[in-house]
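The next block holds one structure in the form of structure tokens; read it before the comments.
The values are calculated or read from the model by the stated rules, or taken from the named source; none is laboratory data. The model shown is predicted, which means the values in this text are computed figures rather than measured ones. Counting neighbours? That spans all protein chains shown, and the Cβs are built from the backbone with ideal geometry, glycine included. Side chains included, ligands, DNA and RNA excluded: accessible areas come from the protein's heavy atoms. Shrake-Rupley method; radii C 1.70, N 1.55, O 1.52, S 1.80 Å.
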Amino acid sequence: QPSPDFYEAVGGDDTFHRLVAAFYRGVAEDQVLRPLYPEEDLGPAEERFRLFLMQYWGGPRTYSDQRGHPRLRMRHAPFRVGVAERDAWLNRMRDAMDEIALPAEYDATIWEYFVRAADFMVNHIEDI
Ligand code: HEM
């Protein structure tokens, strides 16, 4: 479980702001991902994801104060997440990770988590 020390070492709030802003700039342009997002304004979705990641990686617990238990698979159930969606998500995230250019060891730790988490979110098994 990531600790507050990890959170600070990786750059704290600023790092997660930059990562998630870069990711959502990619989502806004992505022809596979953009149609999945129910709201025209991606700002609120960006904030939910940023707060979730900050909490997961050892930062403030604002996400759960506002949203309760993450239950991420359940929260993704309304969206069709097949292999194409997972791959598009990971490609956009890889671009965002490259943009913020963390030290290699932190990059690897966070990237491995994203790959696992994205696999876990796939909910259309006929595509696997
Ligand atoms: C919410 C798509 C993977 C974390 C959402 C939403 C969509 C979506 C359409 C709704 C946007 C909104 O909040 O209004 C996808 C797709 C994925 C994926 C296509 C491909 C695999 C992930 C992964 C994580 C994640 C890997 C975590 C590492 C979240 C969070 C929310 C969210 C925290 C907001 C949940 C809430 O309502 O509090 N996602 N997602 N997603 N996603 Fe994903």
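Which of the residues belonging to region 35-55 are near the ligand (Cβ under 10 Å from one of its atoms) and open to solvent by 60 Å² or more (accessible area, probe 1.4 Å)? Those that are near the ligand (Cβ under 10 Å from one of its atoms) and open to solvent by 60 Å² or more (accessible area, probe 1.4 Å): Pro35, Pro38, Glu39, Asp41, Glu47, Arg48. Can you tell me which residues in region 73-95 are more than 9 Å from the ligand (Cβ to nearest atom), open to solvent by less than 80 Å² (accessible area, probe 1.4 Å) and in contact with a Phe, Trp or Tyr (Cβ under 8 Å, 6 or more places away or on another chain)? The answer is Arg92, Arg94. Does Asp13 satisfy the criteria of being within 11 Å of the ligand (Cβ to nearest atom) and at negative phi? For Asp13, the condition - within 11 Å of the ligand (Cβ to nearest atom) and at negative phi - is not met.
Looking only at residues in region 107-126 that are at pLDDT 95 or above and of a type in the set (Val, Ile, Thr), the one that is farthest from Phe6 (Cα to Cα) is Val122. The set of residues in region 96-114 being open to solvent by less than 50 Å² (accessible area, probe 1.4 Å) and either assigned to a helix (DSSP H, G or I) or over 17 Å from Arg50 (Cβ atoms) (or both) consists of Ala96, Met97, Ile100, Asp107, Ala108, Ile110, Tyr113, Phe114. Given the condition among the polar types (S, T, N, Q) and touching a residue at least 60 places away in the same chain (Cβ under 8 Å), answer yes or no: does some residue in region 65-74 qualify? The answer is no, given that none of the residues of region 65-74 is among the polar types (S, T, N, Q) and touching a residue at least 60 places away in the same chain (Cβ under 8 Å). The residue of region 115-128 that is farthest from the ligand (Cβ to nearest atom), among those that are surrounded by 12 or more Cβ atoms within 10 Å (Cβ to Cβ) and hydrophobic (A, V, I, L, M, F, W, C), is Val115.
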